[in-house]
Amino acid sequence: MTTAPTFEDVLAARERLRGRVIETPVLRSPALDSIAGAELYLKCENLQRIGAFKARGAMNAVLCLPEDRRRAGVVTFSSGNHGQAVALAASELGIKAWVAMPTDAPGVKVDAVRSLGAEVVFAGTTSADRYAEAVAISERTGAVVVPPFDDRDVIAGQATATLELLEQTGGLDAVVVPVGGGGLLAGACLVVRTRGAGARVVAVEPSAANALQESLRRGERARVTPGKTIADGLKPVEVGGLNFAIAREGVAHALTVEDDEIGRAAVRLLFSAKVLAEPSGAAALAAALERKIPGGPRRVGVIVSGGNVEPKVLVDLIQKHT
């Protein structure tokens, strides 16, 4: 297995990304604070380039490639946001990109990947299906596979979101992170361990796709069969190996939330804080608003990881939760 990134790698990623990604704002909402019974600090990665934190990891990973390898292009496998992020990085660097996406990917995400110049190839409905297709494309074209989460350069890039959050808030009792493959979570663990001053990292997954929670329970990486969930970006069959190795040392609590809780959080976020999040991006907030975080932390950082929501999904959520 590739060695895990260090905090020094995170600092190097921040310098590499300077001017290429946005230092997203941290917003407050008294109404949401009241529901959560805590001070919530919302790290709005929905306002990041391509509408999600994934821009950080993908850009860092592609920039880290030697120029001779980069020339052959890049390929990835993604339900949407990481695909957009790799397409963005490839577009800026003038190289070819392919993205293996699920057949049920939201149309807004497919269109966004294509608009950035990448070629979309549909492959099944699971991350395993998409991975197999990406490997096949790499073998055929020579393109470098840029994984969505299990990669040291991707993790270091994602970690810059938590680094900014801690610097923008002056310290927190907890950092709450949504979990798909675990790259954002692993990055949060690296940063909190060095700069967190006692903060706890809280991982949040949909109850229908709890690969991390199950892995922590077993003490080893576990594969799950994701069920139906509105959080389409949080349903891999397993978390990344590097990510699990980091998370098992750094995660204080691994929680799950139901779809109704996620939907309610997204609608509350929209109307109380005027912040638009996709369901995956509202999962961490759902845990805070439902008061699921053990110990009742007072100052809670919540990563709102993305805002690329399908219009019909948003309309349905508003109708259901208002």
- request: Please build a GNM for the chain, connecting alpha carbons under 10 Å apart, and tell me which residue among 184, 165, 11 fluctuates the most.
  value: 11
task: Provide the gained length on full extension for the span residue 8 to residue 96, in nm with one decimal, where the gain is 0.36 nm per separating residue minus the Cα-Cα distance.
output: 28.7 nm
query: Tell me which lysines have Cα within less than 21 Å of residue 109's Cα, excluding those fewer than 8 residues away on the same chain?
result: 54, 96, 228, 235, 312
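With the Cα gyration tensor of the chain in hand, convert its eigenvalues to equivalent ellipsoid semi-axes via √(5λ) and list them largest first in whole Å.
Result for the chain: semi-axes of 28, 21, 19 Å.
Evaluate the charge dipole of the chain about its Cα centre and quote only its size in Debye, nearest 20, assuming +1 on the Cβ of each Lys and Arg and -1 on the Cβ of each Asp and Glu.
So the dipole magnitude of the chain works out to roughly 340 debye.
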Cα gyration tensor shape for region 55-145, rounded if a/c is under 1.5, else prolate or oblate: oblate
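How long is the gain from residue 71 to residue 223 if the chain were fully straight, where each residue apart is worth 0.36 nm and the alpha carbon distance is subtracted?
51.3 nm
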- request: Decide, for region 217-311, between rounded, prolate and oblate: order the square roots of the alpha carbon gyration tensor eigenvalues as a ≥ b ≥ c, take rounded if a/c falls under 1.5, and otherwise choose prolate if a/b is larger than b/c, else oblate.
  value: oblate
- request: On a 0 to 90° scale, report how tilted helix 241-250 is relative to the longest principal axis of the chain, with both axes built from alpha carbons and the result rounded to the nearest 10.
  value: 20 degrees
query: What's the exposure ranking of 34, 207, going from fewest to most Cβ atoms within 10 Å?
result: 34, 207
- line: Neighbour-count ranking for 54, 228 (other C-beta within 10 angstrom, fewest to most) reads 228, 54
task: Take the chain, connect every pair of alpha-carbon atoms lying under 10 Å apart with a spring to form a Gaussian network, then pick out the residue of 35, 137, 246 with the largest mean-square fluctuation.
output: 35
- prompt: If we count other beta carbons within 10 Å of each Cβ, what is the order of 44, 64, fewest first?
  reply: 64, 44
- prompt: Any idea what angle helix 7-17 forms with the longest principal axis of the chain, computed on alpha-carbon atoms, 0 to 90 degrees, nearest 10?
  reply: 70 degrees
- prompt: On full extension of the chain, what length is gained from residue 193 through residue 258, given 0.36 nm per residue of separation minus the C-alpha to C-alpha distance?
  reply: 20.5 nm
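Provide the percentage of antiparallel DSSP beta bridges, counting only those with both residues in the chain; round to the nearest 5.
On the way: 3 of 34 bridges.
For the chain, the DSSP antiparallel bridge percentage is about 10.
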Rel. contact order, % - alpha carbon contacts under 8 angstrom, at least six apart, region 76-176: 26 percent
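Read-outs throughout are calculated quantities, based only on the coordinates presented, and are distinct from any laboratory measurement. On a predicted model such as this, the values are computed, not experimentally measured, just so you know. Counting neighbours? That spans all protein chains shown, and the Cβs are built from the backbone with ideal geometry, glycine included.
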